[in-house]
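Peer 1: I am attaching a structure below and will ask some questions about it afterwards.
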Amino acid sequence: MADSQSRLDAVRRALESRGQLHALNWWPELSSKQRDRLLAELESVPWTFLDRAINDVVKNRPAKPTMDDLSPATVLPARPTSPEIKARCAEAKAVGADQIAKGKVAAFTVAGGQGTRLGVDGPKGCVVVTPIVSKSLFQLFAEMVLAARRKYQALIPWYIMTNVENHTQTVSFFDDHKYFGLPREDIMFFPQGMLPAFDFHGQLILAEKDHLSLAPDGHGGSLKALRVSGAIADMRRRSVDTVSYFQVDNPLVHPFDPLFIGLHVQSRSEMSTKVAKKADDLEKVGNVCKRGDRVAVVEYTEFPEALAKAKNVDGSRRFDAANLAIHLFDVDFVDRISSQAALPFRRAEKVVPYVDDHGVAVKPSNPNAIKLETFVFDALPLAERPLLLEVDRGEEFSPVKNATGVDSLESSKRDQVLRACRWLEVAGVSVPRNADGSPNATVSIGPFFALDSEDVRNRADRIPPISRGAEVVLE
Ligand code: UTP
């Protein structure tokens, strides 16, 4: 290992060649502990990834991409009616189940976000989300992994990306709960990368004399983190081919969906995505569409209103595929794109406290800094043969983002009950309903009882009659 003088020399050279030497302004007065901290942070700055972004995205505002070449993407329908697609789906489902059973599929949860909107202390995955029985998001996902291992008699590794701030708490939470019954060696935790904040002139911002202002590098950083952490190498050792990616905040996710996995594998897709019909023309979601001949996600903030409102001749929405942040990745693809600065950096203007040239701590009241992050869906245009599958939103997506209102704990719990009731009815169990059609009972179905509605149908004989106002837990 290089001694500290040669490490400092290397850092100094990297800073000097980029006009960033001010980051060492306070070096002479720092204690050796403070120097260690600052040196480690400066060494972790991925300059080769950032050099261009500082010029193109920080110092300059990137030009708005043209919207002239957008067209709707081809999406496999949620409820296929044509016999050809039905047959293709039936075959794909068997292929997907076989892939899971052979241990070719790994689960990957991204839990490195800061959860600012929800505003809870600690990792979002520890938040209790289920109705009646109090399970955290992490427990729920752990039970899904365990239930899938049992169902498919398969070894399923689970990769969990944290950030440097919530990493220790996340691992302790699992440790305290004995990994929810999963083998410790089949769960890998790793923090995502951090990126420094810059001022509007592209200069590094010191949060303290011995500390850069740093923030997680976005969910797009998950692909690089899979490489840096050794997770890709671990997947190779285990002969995993497909990574099932999901966010920590969506309790309805279906990470081991044999149909989706089978379609992805059969079409040799490098990255596949689930979409749902948009709730309304201007819904605040990413629009999955085509840009030129590549599939891409265009955020609602950038999507032209005229396109958002455009209709087909039959009156249906022309651009009607909402990104649900549920993806499958081919391991080779992750390997390939994580070795380069493949994903574009996005620019966010933020208020960032800093120490000024006189060493005084300043809390600005207006945005003074640019934070850079990458988004995982920006990998879609880079993927060959991407596959898009439409699903019913209420079956697979109800994230916990906000403290109240839309996408909150309350709405997510309600959607979990609604889905459980639908699964019961599909299995032939009658659910008491109110005049407005809402269920007049609260039902919670745990992953050990059923991972999908088919499992419920197979266990229908174990379900008691549901009376009005009842609370029913199926575990
Ligand atoms: P969100 O964009 O909803 O952000 O992340 P968030 O941090 O959870 O919440 P807010 O915006 O601060 O309120 C979507 C998913 O991506 C993960 C989150 O943990 C969540 O699962 N994520 C986001 C990361 O893993 N890393 C990031 O840098 C950003």
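Quick note: the coordinates plus some simple rules give every number you see, no bench work behind them. Just so we're clear, the structure is a prediction, and the values are computed from it rather than from any experiment. With ideal geometry, Cβ positions are generated from the backbone for all residues, glycine too; neighbour counts draw on all protein chains shown.
Peer 1: When each pair of different Cα atoms in the range 157-279 is counted once in the 1/r mean, what is the Kirkwood radius in angstroms, to one decimal?
Peer 2: On the way: mean 1/r = 0.0581 Å⁻¹.
Answer for the range 157-279: a Kirkwood hydrodynamic radius of 17.2 Å.
Peer 1: Further, regarding this structure: Given Cβ point charges of +1 (Lys, Arg) and -1 (Asp, Glu) and nothing else, what value in debye, to the nearest 20, does the dipole of the chain about its Cα centre take? Present the calculation step by step, with values, prior to reporting the outcome.
Peer 2: On the way: 61 positive and 63 negative charges, 124 e Å.
With only Lys, Arg, Asp and Glu charged at Cβ, the dipole is about 600 debye.
Peer 1: Which distance in Å, rounded to a whole number, links the C-alpha centroids of the range 118-133 and the range 409-444?
Peer 2: Spelled out, the Cα-based centre of one part sits 22 Å from the other.
Peer 1: Please give me, ordered by residue number, the trypsin sites (Lys or Arg not before Pro) of the range 366-475 that lie in loop per DSSP and have at most 14 other Cβ atoms within 10 Å. If you can, show how the numbers build up before the last one.
Peer 2: Values: sites: LYS371, ARG393, LYS401, LYS413, ARG414, ARG419, ARG422, ARG433, ARG457, ARG459, ARG462, ARG468; in loops: LYS401, ARG459, ARG468.
Taking the range 366-475 and a limit of 14 other Cβ atoms within 10 Å, the loop trypsin sites (Lys or Arg not before Pro) found are ARG459, ARG468.
Peer 1: Right, next: Evaluate 2.2 N^0.38 Å with N set to the residue count of the range 71-148, then give the Cα radius of gyration divided by it. Walk me through the intermediate numbers first.
Peer 2: Numbers: Rg = 18.2 Å, N = 78, 2.2 N^0.38 = 11.5 Å.
That ratio works out to 1.58.
Peer 1: What share of Cα pairs, in percent, lie more than 17 angstrom apart in the range 91-134?
Peer 2: Details: 560 of 946 pairs.
Result: 59 percent of Cα pairs exceed 17 Å.
Peer 1: Are there any trypsin sites (Lys or Arg not before Pro) in the range 230-327 that are in a DSSP loop and have at most 10 other Cβ atoms within 10 Å? List them by number.
Peer 2: Details: sites: ARG236, ARG237, ARG238, ARG268, LYS274, LYS277, LYS278, LYS284, LYS290, ARG291, ARG294, LYS309, LYS311, ARG317, ARG318; in loops: ARG238, ARG268, LYS277, LYS278, LYS284, ARG318.
The qualifying sites are ARG268.
Peer 1: Report P(r) for the chain: all Cα-Cα distances, bin width 10 Å, range 0 to the bin holding the largest distance, values in whole percent.
Peer 2: 4, 18, 28, 26, 15, 7, 2, 0
Peer 1: List the equivalent ellipsoid semi-axes of the range 8-132 in whole Å, largest first, each obtained as the square root of 5λ for an eigenvalue λ of the Cα gyration tensor. Spell out each step's value before the answer.
Peer 2: Numbers: eigenvalues 454, 128, 64 Å².
Over the Cα atoms of the range 8-132, the semi-axes work out to 48, 25, 18 Å.
Peer 1: Looking at the range 194-297, which chymotrypsin sites (Phe, Trp or Tyr not before Pro) are DSSP coil and have at most 13 other C-beta atoms within 10 Å of their C-beta?
Peer 2: Numbers: sites: PHE198, PHE200, TYR245, PHE246, PHE256, PHE260; in loops: PHE200, PHE256.
Here the chymotrypsin sites (Phe, Trp or Tyr not before Pro) that fit, given the DSSP loop and packing criteria, are PHE200.
Peer 1: Further question: All other residues with a Cβ under 11 Å from the Cβ of ARG393 taken together, and with Lys, Arg as +1 and Asp, Glu as -1, what is their net charge?
Peer 2: Numbers: positive: LYS274, LYS277, LYS278, ARG419; negative: GLU283, GLU390, ASP392, GLU395, GLU396, ASP415.
Local charge sum for ARG393: -2.
Peer 1: What is the distance in Å between the Cα centres of the range 181-259 and the range 154-168?
Peer 2: Going from one Cα centre to the other spans 8 Å.
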